[in-house]
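Report on the structure given below.
The values are calculated or read from the model by the stated rules, or taken from the named source; none is laboratory data. Note that the structure is predicted; figures quoted are calculated from it, not measured. Positions of Cβ are generated from backbone atoms using ideal geometry, with glycine treated the same way; all protein chains shown enter the neighbour counts.
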Amino acid sequence: MTQLIEPHGGTLKNLYLSGDVLAAAQAETRDLPSLDQTPRQLCDIEMLLDGAFSPLEGFMGQADYDAVVEGMRTADGTLWPVPITLDVSAKVAGELAVGQSVTLRDREGVAIAILDISDIYRPDKANEAAKVFGKDDIAHPAVNYLHNTAGEFYLGGKLRGLAAPTHYDFTGYRYTPAQLRGEFSRRGWQRIVAFQTRNPMHRAHVELTRRAAQQVEANLVINPVVGMTKPGDIDHYSRVRCYEKVIARYPESSTALALLPLAMRMGGPREALWHAIIRKNYGFSHLIIGRDHAGPGKDSGGEDFYGPYDAQELVREFEKELGIEMVPFQMMVYVKERAEYRPIDQIEEGETVLNISGTEFRRRLQEGLDIPEWFSYPEVVQELRKVHPPRARQGFTVFFTGLSGSGKSTIANALLVKLLEIGGRRVSLLDGDHVRKRLSSELTFSKEHRDLNILRIGYVASEVTQNGGAAICAPIAPYTATRRAVRELVEPVGGFIEVHVATPIEVCEERDRKGLYAQARAGKIKGFTGIDDPYETPENPELRIDTTQYSPEQAAQLIVNKLDSLGFLDSVLQQAA
Ligand code: PPS
């Protein structure tokens, strides 16, 4: 009988009800209020219900939340570095009460669990950001989520599981912790090392994992995250098809592939510790922690959020207490003279090191450039090229933003005609005024409605982009966070070019083509952008155009030049498509 590592806290939780208790709970849901859960919330629920987050039995109440944020332990002293919370809007929080239960449903309305509410509390989000993620800076995806997506209140309480969230994809590689433990026992595996990844695997990763498994004499499981990763990452469908190719390069008897439905937070060191706890629950004895584990990239000052080996240091500190062992790894690089991969700290003087960063790799894919054999496997590159064609064959969105009267519509119309003249793509124009009539006719200019309006435009633009077209959007889009949300919708499916039409307000007001500024000054229109409603200037648009310096035709040409330099207008490739 194989002896696997104990789950965190000693017992593997299973929060799913069964038999008569399940039937009674299902009947109970008929009279309970319901909350529809987002994909990220469903990831947390799935991992709570099947025990991947053992010993947690639900969403954290205030005492656990505070203790975790401040000291990486729940109130009873269990090591737990990341808050697991259920956020709701102030309105929803106001309609609920402690002691009440609520049904949590998936997007199709299926009842997944009942939450028995023990706490309703308003978190200090800035403090959570600073303590858990290191800095209150919305360049961090989880901090951005916290401030701009998550509701104002958290609900805490135990969960009663009714049905596992449904997955239609790659079911053969999906295991609950109990199932994976069973699989390890069936295979007689006791020492098992997990490789956590959110990226496609290339030769360096295969080398690294092979060495790691040999080093600790363990079996290897490629354990990629397929819940949610960093916005802009390669989608999990493409990645899993790549892992299927890569797994064939390992000996079948010692290596396996298992998917992890985790919603990552990109929390660096704290996240690495969390990953170790989760892997322990699945029965792994070892976890590989590489360079910059779960790193979110740069902060708004251009600095890395975490040091490259901070995650290893934190996990080392708690390794004994946890029981799961870390296999720390340096970055693997290709040594030209040796024609092999080596950890970067084992390079000798005079040796030539070759490496292609993730960003450079994406650039090569996007521009249809060569990807050398020493870097990846032809079958992996081929798979990625299918879903990431060069930019000339991708769709894109040109997203104008600027004050009323800044010239957005005029430039957008000029750009429309120029793109039609160039040909190769269908072009859709989503002009501010036009959208307000056809897509958002019931909306006002309140912050909430402006956001809804922009998100609708973003949704349509992402559909056009995904299908290879060009979407030109020309709303005011006054808020940074909403523009970013649109970028996050579009970038995974094509190009996103934000154009700030930076005409000074004095000029817009002087032009006052529609007479709206005069009305706003006279108080006849309330909440007018730039007068008594804010316009948050974009900090890093792809292009900023001051229309006092350029004619509409010149401005449109600047955008065409930009699109061309980014590779979107390469007519040779377009014709070949
Ligand atoms: S937003 O904030 O992005 O949703 O605005 P948008 O949909 O682009 O709507 C812009 C047009 O609505 C007219 N309008 C106002 N603009 C700003 N503030 C207030 N309160 C307002 N009320 C009406 C205005 O004509 C905008 O058109 P453009 O083309 O930008 O001048």
Only one of 454, 472, 422 is near the ligand (Cβ under 10 Å from one of its atoms) and of a type in the set (Val, Ile, Thr), namely 454
**OP:** Test residue 574 against the criterion of being more than 15 Å from the ligand (Cβ to nearest atom), more than 17 Å from residue 401 (Cα to Cα), modelled with pLDDT under 95 and over 34 Å from the mean Cα position of the chain (by Cα), and give yes or no.
**Re:** no
| Is one or more of the residues making up the stretch 243-254 under 29 Å from residue 72 (Cβ atoms) and crowded, with 17+ Cβ neighbours inside 10 Å? | no
*Just wondering, is there one or more residues in the stretch 228-239 that are modelled with pLDDT under 95 and assigned to a strand (DSSP E or B)?*
yes
Residue set 477, 461; condition buried (at least 21 other Cβ atoms within 10 Å of the Cβ) and within 8 Å of the ligand (Cβ to nearest atom); output residue 477
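Here's the yes/no breakdown for (1) aromatic (Phe, Trp, Tyr); (2) buried (at least 18 other Cβ atoms within 10 Å of the Cβ); (3) over 26 Å from residue 276 (Cα atoms):
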residue	(1), (2), (3)
19	no, no, yes
54	no, yes, no
61	no, yes, no
67	no, yes, no
96	no, yes, yes
For the stretch 538-553, the count of residues that are closer than 16 Å to residue 409 by Cβ and more than 16 Å from the ligand (Cβ to nearest atom) equals 3
Given the conditions (1) closer than 26 Å to residue 519 by Cα; (2) more than 11 Å from the ligand (Cβ to nearest atom); (3) in contact with a strand residue (DSSP E or B) (Cβ under 8 Å, 6 or more places away or on another chain), every one holds for residue 442 apart from (3)
- Task: Please tell me if residue 179 is surrounded by fewer than 18 Cβ atoms within 10 Å (Cβ to Cβ) and part of a helix (DSSP H, G or I).
- Result: yes
Taking the condition at negative phi and either outside any helix (DSSP H, G or I) or within 22 Å of the chain's Cα centre (by Cα) (or both), does residue 360 pass?
yes
Sole miss for residue 432 among (1) closer than 24 Å to residue 487 by Cβ; (2) more than 16 Å from the ligand (Cβ to nearest atom) is condition (2)
Flagged pairs (Cβ under 7 angstrom, 6 or more apart or on separate chains; first in the stretch 519-537, in contact (Cβ under 8 Å) with a residue 40 or more places away in the chain; second acidic (Asp, Glu) and not in a loop (DSSP other than H, G, I, E, B)) are 527/533
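Per-residue answers, yes or no, for (1) modelled with pLDDT of 95 or more; (2) assigned to a loop (DSSP other than H, G, I, E, B); (3) more than 30 Å from residue 135 (Cα to Cα):
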{"position": "11", "(1), (2), (3)": "yes, yes, yes"}
{"position": "14", "(1), (2), (3)": "yes, yes, yes"}
{"position": "23", "(1), (2), (3)": "yes, no, yes"}
{"position": "27", "(1), (2), (3)": "yes, no, yes"}
{"position": "48", "(1), (2), (3)": "yes, no, no"}
{"position": "54", "(1), (2), (3)": "yes, yes, no"}
{"position": "67", "(1), (2), (3)": "yes, no, no"}
{"position": "82", "(1), (2), (3)": "yes, yes, no"}
{"position": "98", "(1), (2), (3)": "yes, yes, yes"}
Checklist line | Selection status of residue 367, at pLDDT below 90 and in contact with a Gly (Cβ under 7 Å, 6 or more places away or on another chain) | finding: yes
Within the stretch 212-232, residues farther than 15 Å from residue 324 by Cα and without any contact (Cβ under 8 Å) to a residue 40 or more places away in the chain come out as 214, 222, 224, 225, 229
Quick count over the stretch 533-551, residues being modelled with pLDDT of 95 or more and either crowded, with 17+ Cβ neighbours inside 10 Å or of a type in the set (Asp, Glu) (or both), is 8
Checked against (1) surrounded by fewer than 19 Cβ atoms within 10 Å (Cβ to Cβ); (2) aliphatic (A, V, I, L, M); (3) away from the ligand (no atom under 15 Å from the Cβ), residue 392 satisfies every condition except (1)
Matching residues in the stretch 493-537 (within 13 Å of the ligand (Cβ to nearest atom), under 30 Å from residue 362 (Cβ atoms) and not acidic (Asp, Glu)) number 1
Among the residues of the stretch 248-268, the number that are touching a residue at least 60 places away in the same chain (Cβ under 8 Å), out of contact with any Cys (no Cβ under 6 Å at 6 or more places or on another chain) and farther than 11 Å from residue 52 by Cα is 10
If you go through 91, 131, the only one that is under 22 Å from the mean Cα position of the chain (by Cα), surrounded by fewer than 21 Cβ atoms within 10 Å (Cβ to Cβ) and not in a loop (DSSP other than H, G, I, E, B) is 131
Within the stretch 400-417, of all residues that are buried (at least 24 other Cβ atoms within 10 Å of the Cβ) and more than 11 Å from the ligand (Cβ to nearest atom), the one nearest to residue 544 (Cα to Cα) is 411
Here the residues within the stretch 314-355 that are in a strand (DSSP E or B), more than 29 Å from the chain's Cα centre (by Cα) and surrounded by 14 or more Cβ atoms within 10 Å (Cβ to Cβ) are 334, 335, 341, 342
